[in-house]
Amino acid sequence: MKIGFVGLGNMGAPMARNLLKNGHSLQAFDLSEDALRSLAQAGAAVCASPKQAAADAELVVTMLPAAAHVRSVLTDEQGVLAGIAPGVTIVDSSTIDPASAQAFAKLAAAHGNAFVDAPVSGGTGGAAAGTLTFMVGASETLFAEIAPVLGAMGKNIVRCGDTGMGQVAKICNNLLLGITMTGVAEAMSLGAALGIDPKVLAGIINTSTGRCWSSDTYNPYPGIVETAPASRGYTGGFGADLMLKDLGLAAEAARGAKQPIFLGALAQQLYQTMSANGQGGLDFSAIIALYRHHAAQQ
């Protein structure tokens, strides 16, 4: 297919590369010239605007930081809706609130286009390997149409329900992820403070009831998992400010549903502290610095 792709960040760029690897042609836009140059070397056509990226495309994919960016990319004078042909589907893989996804679907429908929320999980490693999980909000018919394209970027393509339900699944998943990461950071820091070898402790946790992705795949303690951001100075992963944003989305949705999220609220405050300390650009697993810094002061 000829695909318009907007948003070539840490997640979007490897996703776009996998589309190219699977034989799709890409016309891409991003604010970063370096990102565009890199993708052009992989075979993509570089565009000057989202409008140009959407022109003549058979499908448009967006991967952006927040709902405000999605709205801008869709509705600006040089936005997607100004260039897209009627009947072409827009797939948004950004993590935004469900209400915004539903509002964008109405905007797109008024223009004659379907809008699908399809946020992802799996991190930058999953994006590069093409093993992402896509949580899709779409009708059964539309899901069947786009699933093969999503399959070029991911391993698990799941229809979660109608528009907005992909975002519901994503914010619930990331709520849990933020909680488990702070829990693993707390446990690993306590163990180290009490004198156990962190590698021994991690091995116990990962073969016991405390095992979780935050421990066995993305452990926040340096030197435990070679491929984790903790082993490369907490760079190149999922930024703490992005986790803070996602926890905020969960809190906002919970408030609307009058549903308590006790642990989520605590995790949100921990990430807020990390951001206030100027560490929001580090990977979210660097939350362990709050614990290790405290331990160093004792």
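Brief remarks follow.
- Apart from one condition, residue 33 fits all of (1) free of Cβ contacts under 8 Å to residues at least 60 places away in the same chain; (2) closer than 30 Å to residue 110 by Cβ; (3) not β-branched (Val, Ile, Thr); the exception is (2).
- Qualifying residue in segment 224-239 (condition: under 30 Å from residue 164 (Cβ atoms) and of a type in the set (Ser, Thr, Tyr)): no
- Residue check for residue 203: of a type outside the set (Lys, Arg) and either crowded, with 16+ Cβ neighbours inside 10 Å or under 28 Å from residue 96 (Cβ atoms) (or both): no
- Matching residues, segment 273-284, being within 20 Å of residue 221 (Cα to Cα) and either in contact with a Ser or Thr (Cβ under 6 Å, 6 or more places away or on another chain) or part of a helix (DSSP H, G or I) (or both): 273, 274, 275, 284
- One residue from 210, 236, 223, 166 being assigned to a loop (DSSP other than H, G, I, E, B), small (Gly, Ala, Ser), out of contact with any Phe, Trp or Tyr (no Cβ under 6 Å at 6 or more places or on another chain) and within 27 Å of residue 24 (Cα to Cα): 236
- Scanning segment 79-102 for residues that are at pLDDT 95 or above and surrounded by fewer than 17 Cβ atoms within 10 Å (Cβ to Cβ), we see that the one that is nearest to residue 6 (Cα to Cα) is 85.
- If you go through segment 206-226 and keep only what is of a type outside the set (Asp, Glu), without any contact (Cβ under 8 Å) to a residue 12 or more places away in the chain and surrounded by fewer than 16 Cβ atoms within 10 Å (Cβ to Cβ), you end up with 207, 208, 209, 211, 217.
- Taking helices (runs of 4 or more DSSP H) as the structural unit, those lying wholly within segment 1-120 and holding at least 2 residues that are in contact with a Cys (Cβ under 9 Å, 6 or more places away or on another chain) correspond to 50-54.
- Evaluating residue 91 against the criteria (1) in contact (Cβ under 8 Å) with a residue 40 or more places away in the chain; (2) closer than 15 Å to residue 112 by Cβ leaves one unmet condition, (2).
- Check on residue 253, part of a helix (DSSP H, G or I) and closer than 12 Å to residue 179 by Cα: no
- Among the residues making up segment 144-163, those that are assigned to a helix (DSSP H, G or I) and surrounded by fewer than 19 Cβ atoms within 10 Å (Cβ to Cβ) are 144, 145, 147, 148.
- None of 123, 195 is assigned by TED's automatic domain parsing to the domain that holds residue 59 and on the phi > 0 side of the Ramachandran plot except 123.
The values are calculated or read from the model by the stated rules, or taken from the named source; none is laboratory data. Because the structure is a prediction, the values reported are computed rather than measured. Neighbour counts are summed over all protein chains in view; Cβ atoms, including those assigned to glycine, are modelled from backbone coordinates with ideal geometry.
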